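In what follows, a structure is listed as structure tokens, so that the remarks can point back to it.
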2 protein chains.
Amino acid sequence: MDRLDSMQLFVRVAELGSFAAVAQQMHVARSVVTRQVAGLEAHLGTKLLARSTRRLSLTSAGATYLEKCREILSLVDAAEGGLTEDSQAPRGHLRITLPFSFGIRQLMPMFGDFMKANPEISIELEFSDRRSNLIEGGFDLAIRIADRLDPGDVARKIGSSQSVVVAAPAYLKLHGRPKHPRDLIQHECFGYLLAARSSWSFVIDGETQWFPIGGKLDANSGDALLAAAIQGLGITKAPTFIAEEAVRERKLEILLRKFPTPELGIYAIFPSNRYVPHRVRVLVEYLAQRIGSQPRWDAILKLRAE
Amino acid sequence: MDRLDSMQLFVRVAELGSFAAVAQQMHVARSVVTRQVAGLEAHLGTKLLARSTRRLSLTSAGATYLEKCREILSLVDAAEGGLTEDSQAPRGHLRITLPFSFGIRQLMPMFGDFMKANPEISIELEFSDRRSNLIEGGFDLAIRIADRLDPGDVARKIGSSQSVVVAAPAYLKLHGRPKHPRDLIQHECFGYLLAARSSWSFVIDGETQWFPIGGKLDANSGDALLAAAIQGLGITKAPTFIAEEAVRERKLEILLRKFPTPELGIYAIFPSNRYVPHRVRVLVEYLAQRIGSQPRWDAILKLRAE
DNA sequence: TCTATTGTTGCATATTTTGCAATAATGATT
DNA sequence: AATCATTATTGCAAAATATGCAACAATAGA
């Protein structure tokens, strides 16, 4: 029994409060978790977890030990990372959570190139537009798009994106073209479920102002809304990294060009409770450099309307 | 591969500068040490030890890692000990170095009883009258007899012993009985090789004074000298725990009763570089209690000469 | 040059670990 | 109250891993 692995499992079990969840997260059989923890307990001669089939709770010994384990594991992480610090080729496994649209459209090619350049790296991607808890989820890294950071997050900004209000030419021909954000209430606008969905924000005179919108379609996928807009169903406000392709292909037109929207930040977020391994930092630096300070997707703002 | 075990082996290899020595000390095959360290190196992606078949030296990464390993291992020790701290039955392995005479005559029965009372304890004894380095030797504990502590030793006094000057009645009949330490120069006295061997110390008026001795037999075993004294070959100065039995059986007589000798301390010495496990502390307390403040062996000082 | 010892490797054998399936226990739901 | 779904645990066979031994190559000392 590898005591360090056992400790790792024990810590996760304590954090998630479930053997099964840990087993799933770590890609091992439930029995492994059971036996690893049992092995630890046998080794220590103490019960660590009081388990009733449905709920777990820490023994007092378990609570003490949990803290020590955390300390030890982070020390081990630091020790192992500290060596290969620079110059060494990054290696190991990366478990990343990231948003669907940005992840699939923009990040995937970067991951592909990164993996080609670093054959000793393996990557596990969990796409999700929810802000999953990094620690509970056992992730090494999260990529998030947001207009501001959650307080307490340990993050590195790796890029940004503007947003654009877009609609298909067919829609515009039928319903006219809004000239000012306050016109949006008269239009068929799509709300993004994970944000405020009944109004859109614009920056006017340096201040963020919210304007109510009209519309009957909400969804929790920017891609879906974009598809609807392309079909001519209405207007959507999308980050440039989503709208980019459709705008270039003239399937969508950018509206309200004179009213910029708040910039979205693209962040790499680290779990706050442990040492950031070398491989994580290397990947994040790579992404930041690939995205650059003037992201490709924002270039569509400069396209001349025909 | 258990990383903690590997780290332990690596640390020992670095300390002893030899794979073979570690293998012997830890009771495993040389190949195990090789592969464990190699495994660590593979895991880290760095060479830790530069090995030329005859001499080892740490890589710079190795040196860094060594320190971290020490820290981690002592933390693990502390974590594992800290739980079962009190009330729990001690368990695990004890590697002890101890002197021949005292160890065999006095300590063995105590160890026996201790093991009977603590069936989860296993003990490995390395008898030696040399002051072996606790850390290099990989011992959990050393028992030492000395009139004073080496500076820097982390020790607990677990008892004491007086010394007595003794000779067989046959010898005394032949050569007479010394009345004062200064008479010893005229007698056949045995020198203990591991101490100052040409003079003996006595406490007179509260001060330690040294008196030269005559004699032609030196040895590095108090038992051997005692045997020689019993044969009537001469006079020896022995700790009471060695002379006890022979004196009780009237095979030897105590001389110079009015001239006490410096008290010998019996010490338990701990390796200074790591946490003292529970089992070690329990054993030491047990020994201290068994020996007591008025050790049995010193009782022979009160026997009336016939 | 020879020798003794060291660290490494191939190989057959033990040992351990793993996942799957079955079991028993328990909280939630109907 | 009874059923249900899910949980942690265990038996078992297969897979993976570690072990010791012996042979080997390298090296410092005689």
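The values are calculated or read from the model by the stated rules, or taken from the named source; none is laboratory data. Remember, it's a predicted structure, so these values are computed and weren't measured experimentally. Ideal geometry is used to build each Cβ from the backbone, glycine not excepted, and the neighbour counts take in all protein chains shown. Ligands, DNA and RNA are stripped out before the accessible areas are found, and what is left, the full protein with its side chains, is counted by its heavy atoms. Shrake-Rupley method; radii C 1.70, N 1.55, O 1.52, S 1.80 Å.
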Across the identical copies, how the A:Pro260 labels are spaced - nm, sorted shortest first, 7 Å along Cα→Cβ: 9.3
task: With springs connecting C-alpha atoms under 10 Å apart, model chain A as a Gaussian network and identify which of A:Gln186, A:Gln209, A:Gln24 has the largest mean-square fluctuation.
output: A:Gln24
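Over the range B:163-255, what lengths in whole Å, largest first, do the semi-axes of the equivalent ellipsoid take, defined as the square roots of 5 times the eigenvalues of the alpha-carbon gyration tensor?
Equivalent ellipsoid of the range B:163-255: 18, 15, 14 Å, largest first.
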- prompt: Along the range B:211-225, what does the Karplus equation 6.51 cos²θ - 1.76 cosθ + 1.60 (θ = phi - 60°) give for ³J(HN,Hα), rounded to whole Hz, x for Gly and Pro?
  reply: 10, x, 10, x, x, 10, 10, 10, 7, 9, 9, x, 5, 5, 5
task: Read phi for every residue in the range B:70-82 and hand back ³J(HN,Hα) as whole Hz from Karplus 6.51 cos²θ - 1.76 cosθ + 1.60, θ = phi - 60°, with x for Gly and Pro.
output: 4, 4, 4, 5, 6, 5, 5, 3, 4, 5, 6, x, x
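How large is the helix-only mean residue ellipticity at 222 nm for the protein assembly as shown, computed as the sum of -39500 (n - 2.57) over DSSP H runs with n ≥ 4, divided by its residue count, in deg cm²/dmol to the nearest 500?
-11500 deg cm²/dmol
Classify the range A:51-112 from the C-alpha gyration tensor, please: rounded if a/c falls under 1.5, else prolate or oblate depending on whether a/b exceeds b/c.
It comes out oblate by the Cα gyration axes.
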field: Accessible area expressed per residue, chain B, with surrounding protein chains retained (probe 1.4 Å, Å²)
entry: 49 Å²
- prompt: At a 1.4 Å probe, what is the % contribution of carbon and sulfur to the accessible area of the protein assembly as shown?
  reply: 51 percent
query: For labels at B:Ser122 and B:Ala20 in the simple 7 Å Cα→Cβ model, what's the distance in nm?
result: 2.6 nm
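Taking the highest mean first, how do the peptides A:278-291, A:39-52, A:229-242 order by number of other beta carbon atoms within 10 angstrom per residue?
Packing order, densest peptide first, comes out as A:229-242, A:278-291, A:39-52.
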- line: Neighbours of A:Glu245 by Cβ distance under 9 Å: Lys/Arg at +1, Asp/Glu at -1, summed charge +1
- prompt: Tell me, what is a quarter of the convex hull surface for the C-alpha atoms of chain A, in nm² with one decimal?
  reply: 19.1 nm²
query: So, in nm, how far is label B:Asp113 from label B:Arg257 when the simple model puts each one 7 Å beyond its Cα toward the Cβ?
result: 2.9 nm
field: Average projection area in nm² (convex hull over Cα atoms of the range A:3-83, one quarter of hull surface)
entry: 5.3 nm²
message: Summing both sides, how much accessible area is buried between A and B? Use a 1.4 Å probe and give Å² to the nearest 100.
response: 2300 Å²
- request: Can you tell me the relative contact order of chain A? Whole percent, Cα pairs under 8 Å, sequence separation 6 or more.
  value: 21 percent
field: Long pairs among B:Lys179/B:Lys237; B:Lys216/B:Lys237; B:Lys216/B:Lys258, criterion Cα-Cα beyond 18 Å
entry: B:Lys216/B:Lys258
message: Please compute the modelled spin-label separation between A:Gln294 and B:Met1, points set 7 Å along Cα→Cβ, answer in nm with one decimal.
response: 4.9 nm
